[in-house]
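Right, one structure below, let's go through it.
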């Protein structure tokens, strides 16, 4: 059965969905009730500061790390009880990889991994290895960080998995290669319908690819929405206010950013525009201007907002 | 063909792509019967989600500007912008943007119009007459 | 869009083949080195044996060499890997425990192959130097007389004719397999296996010193039994032929190697059984840390 059919017949609109993921390391809370929902065939960017739990979530999707509580489904496969089946759907680029096959040459390594994926596309593998200019007969111990990352990308892409989990895939790549990787990734998406879940701090590179965004703030998924929704819900309000005016209580947690110049105050607020304007006017402020934000600005506004919570 | 997207632009990407293709048609870069780049090509050139490009192409098709021929690609069907009405529509959009910019810098509509007149004189040597009312 | 199929997991046969092939590939360089060393070693041993006129007797149990191989192979197979993290092996679409088992078994097959070669080599050496496979030897044993200090240099000794039972030939296989299993358990079960091993050794050395200095008898007896007792490690690794040997003087002043006691096949069987059970338990525990659910 195709995934599209499964998606339809069993109502999986989500390629990845987690329910109440929780994780503590000793007394430190790493994840708290994370319900991540990656829609079928979307390009989902998971943002968050370093140490906010992004890598932990991806590891849990791969069942490399045990959650204290909660469950994960990959196209309806439970990542714990049906782990092998779930992982067969995934092309994974881990943040760090230390494995015991570094003594192999690049060619040996690809030959070793390929049979694990029945859908491995040997021609495509050759193409990508060429495009990434990998030295096929060099031992992996002599690979640089960037070369390792490129090899990981190849292994993840070449079996054309329905889901790509990319953990900071561009880290350690120089700008020209980044560009190339992005192009190849775009072409890959055009050729192979794929759901992508990617973590990155370089949002501007993914800006034009992303159509979903999730924001992690200290272990909590503080926001998760589509590009359209982000565009509608995060806006910049320029207001003029009477003296002694302060923002009404009801906006607490919704202020992503604040700046002021002279009489004018600017708030980046989360909410329906008409609703926000109403509430601002009721508090005595007069809204001078409302501006939508670019995807990158809106994402960063959310990220900054997440820090305050 | 050079299609450029502006990351700072807050409009949806597919609209930006549509506008860029329309611009190319107005300028004559793209003419009736010309083929548009494939979704794969354009997406990887712009590093844009292929689905966004598809969406733009679908919209262009609905607007009657492009047509998908099975197995061949997407083609420009008619030169919409040759008609006066369409040119007026474009002019209106540009003017709107200029007015919004002027407002945000506290420039009045009159000052803006005067400056447009002056700049045109400088450039072409002939004056333009602005009919108001 | 409808062409995306749910992807399949690989067949078990594929996984086995891959693990066997990868293990064979990684054995290439050690085997090359070992071959070279064997050629040189053979020449040395054979020429010495001929010169001295002392043939090699066939005693595969009287060396720790197989156990050493059993220890080194896992270190070689798992080198560079971090078993608790995004290790490649665990990211592949195969049940982790089954995958680990496949890798461990593939390695064990190589261990067995190496030991078979070692066996053949020993046999050839024995044959070439004119040694015997089942030889009767004269062994000096302490004279079993109350009041005589067995370890004293001039202890009275008696001579006994002894033929090592052929069942001891199995020792290299059982010993090395047990060590292989235990070492693998350490590597798979701990985040920092080297740190744990070093710590364990330090603790044993420390306790040994303390118990010696403070005369804690029960602790000393315990250590002695673990290493050289009737069902201790020495019995497992060398069928109890290594730790029992000591140097002493005959009444006429000649220095000889005497044995505290004769190796006992029944004890050897017991020791082997017990240690295999212990190693297996450790290995099972280590594996369970990698279970999927």
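Just so it is clear, none of the values below were taken in a lab; they were calculated from the coordinates. Just so it is clear, the model here is predicted, and its values are computed rather than measured. All Cβ positions, glycine included, derive from the backbone under ideal geometry; neighbour counts span all protein chains shown.
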Where Rh is the Kirkwood radius over the Cα pairs of chain B, the temperature 37 °C and the viscosity 0.692 mPa s, what D in µm²/s does Stokes-Einstein return? 192
I need the semi-axes of the equivalent ellipsoid of chain C: take the C-alpha gyration tensor, multiply each eigenvalue by 5, square-root it, list largest first in whole angstrom. 43, 26, 15
For the protein assembly as shown, with equal point scatterers placed on the C-alpha atoms only and solvent neglected, what are the log10 I(q)/I(0) values from the Debye formula at q = 0.10, 0.11 1/Å, to two decimals? -1.09, -1.23
Ranked by Cβ crowding within 10 angstrom, fewest neighbours first, how are C:78, A:103, C:121 ordered? C:121, A:103, C:78
Between helix A:175-191 and chain A, what is the angle of the helix's C-alpha long axis to the longest principal axis, kept within 0 to 90° and rounded to the nearest 10? 80
Does the range C:147-281 classify as rounded, prolate or oblate by the C-alpha gyration tensor (a ≥ b ≥ c root eigenvalues; a/c under 1.5 gives rounded; else a/b over b/c gives prolate, otherwise oblate)? oblate
What fraction, in whole percent, of alpha-carbon pairs in the range B:13-81 exceed 14 Å separation? 54
Under a no-solvent Debye model with one identical scatterer per Cα of the range A:228-308, what's log10 I(q)/I(0) at q = 0.13, 0.19, 0.21, 0.27 Å⁻¹? -0.35, -0.77, -0.94, -1.48
Could you state the number of Å between the C-alpha centres of the range C:231-291 and the range A:136-212? 55
Run the quick spin-label model on residue C:24 and residue A:121: label points 7 Å from Cα toward the beta carbon, then report their separation in nm to one decimal. 3.1
Compute the long axis of helix A:145-157 from its Cα atoms, compare it with the longest principal axis of the Cα atoms of chain A, and write down the angle in degrees, 0 to 90, nearest 10. 80
At 222 nm, what helix-only mean residue ellipticity would chain A give, in deg cm²/dmol to the nearest 500, using -39500 (n - 2.57) for each DSSP H run of four or more? -9500 deg cm²/dmol
Based solely on C-alpha atoms, express the radius of gyration and the Dmax of the range A:3-218 in angstrom. 16.9, 49
Please give the helix C:171-189 orientation as an angle from the longest Cα principal axis of chain C, in degrees from 0 to 90, rounded to the nearest 10. 40
The range C:250-293 shape via C-alpha gyration tensor axes, a/c threshold 1.5: prolate
If the chain between residue A:201 and residue A:288 were fully extended at 0.36 nm per residue, the gain over the current Cα-Cα distance would be 28.0 nm
Projected area averaged over all directions for the convex hull of the alpha carbon atoms of the range B:83-124, nm², comes out at 3.5
Expected sort for A:149, B:51 with the fewest Cβ neighbours (10 Å cutoff) up front is B:51, A:149
Can you check what the Kirkwood hydrodynamic radius comes to for the range C:32-185, Cα pairs only, in Å to one decimal? 19.0
Once the Cβ-Cβ distance between residue C:205 and residue C:288 is put in as r, and R0 is 30 Å, what FRET efficiency do you end up with, to the nearest 0.05? 0.50
Note on chain C: contact order normalised by length, alpha-carbon pairs under 8 Å, 6 or more apart, percent, works out to 24
Based only on other Cβ atoms within 10 Å, what is the fewest-to-most ordering of C:50, C:110? C:50, C:110
